[in-house]
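J.: Got a structure here, written out as structure tokens. Questions coming.
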Amino acid sequence: MIELYTWTTPNGRKASIMLEEIGLPYRVHPVNLGKNEQFDPAFQKISPNNKIPAIVDEDAPGGPLAVFESGAILIYLAEKTGQLLAKEGAERYKALEWLNWQMGGIGPMFGQLGFFAVRSTDKAPLAITRFTEEGQRLLAVLDRQLQQSPYLAGENYTIADIAAYPWLLAATTFLGSVLGPTIEAMPAVKRWLTAVGERDAVKRGMAAPKV
Ligand SMILES: N[C@@H](CCC(=O)N[C@@H](CS)C(=O)NCC(=O)O)C(=O)O
């Protein structure tokens, strides 16, 4: 059994989509960020950075293993099950490359854009311009890639697509007023959003946690 600690956010949904895709049994523990539950001492033992998602694999070799950081969780679960990440060669490193592109680019930049442009009541123009431009630049990178291949890392759906999808969906919903118009002019990105969003596992993963 995998214990999943998560909340209703893009980073949390990466882990629930992955668990749905690979079909391992898992139990959801909502960590209510609105109530600061990420700072509970018991959760901090599992996730020392006080952020979701985190998992505990009760059946790991050598005893229960806690893993935090969504990228590490995706790689761990891919390697545990032999799914959605090639074992070796170019295909593996293309997937890891685009996974890390999401982790270091899309996630933090869209996250900051959401804070400054949507959630904050104090509208700081320089911060909004900076993160809007960087968000649009990253979307252009994604668009170029998806004009060349059906999925981020090439011909196959991988953990790189799982990492990117919840954030790209947020770009059309939560961040829609800022980034939505940019995506409207990107047919390759829209095609990919539809293809990934139609997967049953993705639909189920996006519905977790139920709160
Ligand atoms: N790089 C981390 C980022 C995780 C992250 O930012 N999680 C947010 C929710 S999407 C969180 O837990 N925020 C709580 C807080 O900042 O106090 C990952 O991908 O797992």
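J.: Residues of the range 64-75 being outside any helix (DSSP H, G or I) and either near the ligand (Cβ under 8 Å from one of its atoms) or touching a residue at least 24 places away in the same chain (Cβ under 8 Å) (or both), which ones?
T.: Those that are outside any helix (DSSP H, G or I) and either near the ligand (Cβ under 8 Å from one of its atoms) or touching a residue at least 24 places away in the same chain (Cβ under 8 Å) (or both): Phe68, Glu69.
J.: Got a number for residues in the range 2-33 being more than 10 Å from the ligand (Cβ to nearest atom) and either modelled with pLDDT under 95 or small (Gly, Ala, Ser) (or both)?
T.: Result for the range 2-33: 2.
J.: Out of all the residues in the range 125-141, which are surrounded by fewer than 16 Cβ atoms within 10 Å (Cβ to Cβ) and among the aliphatic types (A, V, I, L, M)?
T.: Within the range 125-141, Leu126, Ala140, Val141 meet the criteria.
J.: Count, please, the residues in the range 76-105 that happen to be touching a helix residue (DSSP H, G or I) at 6+ places or on another chain (Cβ under 8 Å), within 12 Å of the ligand (Cβ to nearest atom) and not polar (S, T, N, Q).
T.: Residues flagged as touching a helix residue (DSSP H, G or I) at 6+ places or on another chain (Cβ under 8 Å), within 12 Å of the ligand (Cβ to nearest atom) and not polar (S, T, N, Q) within the range 76-105 amount to 3.
J.: Among Gln83, Gln136, which is touching a residue at least 24 places away in the same chain (Cβ under 8 Å) and not in a helix (DSSP H, G or I)?
T.: Going through Gln83, Gln136 in turn, just one is touching a residue at least 24 places away in the same chain (Cβ under 8 Å) and not in a helix (DSSP H, G or I): Gln83.
J.: Is it true that Gln112 is surrounded by 13 or more Cβ atoms within 10 Å (Cβ to Cβ) and either in contact (Cβ under 8 Å) with a residue 40 or more places away in the chain or out of contact with any helix residue (DSSP H, G or I) (no Cβ under 7 Å at 6 or more places or on another chain) (or both)?
T.: no
J.: Quick one: Asn50 ticks every box in (1) assigned to a helix (DSSP H, G or I); (2) in contact with a Phe, Trp or Tyr (Cβ under 8 Å, 6 or more places away or on another chain); (3) farther than 25 Å from Lys203 by Cβ except a single one, so which number is it?
T.: Going through (1) assigned to a helix (DSSP H, G or I); (2) in contact with a Phe, Trp or Tyr (Cβ under 8 Å, 6 or more places away or on another chain); (3) farther than 25 Å from Lys203 by Cβ one by one, Asn50 breaks only (1).
J.: OK, next. In the range 15-38, how many residues are part of a helix (DSSP H, G or I) and either touching a Ser or Thr at 6+ places or on another chain (Cβ under 9 Å) or crowded, with 18+ Cβ neighbours inside 10 Å (or both)?
T.: So the count comes out to 10.
J.: Looking at Ala195, Ala164, Ala170, which one is touching a residue at least 12 places away in the same chain (Cβ under 8 Å), part of a helix (DSSP H, G or I) and more than 19 Å from Phe131 (Cβ to Cβ)?
T.: Ala195
J.: Continuing with this model, one more query. Being assigned to a helix (DSSP H, G or I) and under 22 Å from Thr194 (Cα atoms) narrows it down to one residue among Leu142, Leu113, Leu96; which is it?
T.: So the residue among Leu142, Leu113, Leu96 that is assigned to a helix (DSSP H, G or I) and under 22 Å from Thr194 (Cα atoms) is Leu142.
J.: Right, here's the next one. For residues that are out of contact with any Asp or Glu (no Cβ under 7 Å at 6 or more places or on another chain) and surrounded by fewer than 16 Cβ atoms within 10 Å (Cβ to Cβ), tally how many sit in the range 196-211.
T.: 7
J.: Which condition from (1) out of contact with any Ser or Thr (no Cβ under 6 Å at 6 or more places or on another chain); (2) under 23 Å from Ala60 (Cβ atoms) is the one that Gly12 breaks?
T.: Every listed condition holds for Gly12 apart from (1).
J.: Under 6 Å between Cβ atoms, which residue pairs at least 6 apart in sequence (or on different chains) link something in the range 142-153 that is surrounded by 14 or more Cβ atoms within 10 Å (Cβ to Cβ) with a partner that is basic (Lys, Arg)?
T.: Listed pairs, sorted by first residue: Ala153/Lys94.
J.: Restricting to the range 39-63, what's the tally of residues that are free of Cβ contacts under 8 Å to residues at least 12 places away in the same chain, loosely packed, with under 12 Cβ neighbours inside 10 Å and more than 8 Å from the ligand (Cβ to nearest atom)?
T.: Looking only at that region, the number is 5.
The values are calculated or read from the model by the stated rules, or taken from the named source; none is laboratory data. Small disclaimer: the values here were computed from a predicted structure and weren't measured. Because the Cβ atoms are built from the backbone with ideal geometry, glycine has one as well, and the counts that use them run over all protein chains shown.
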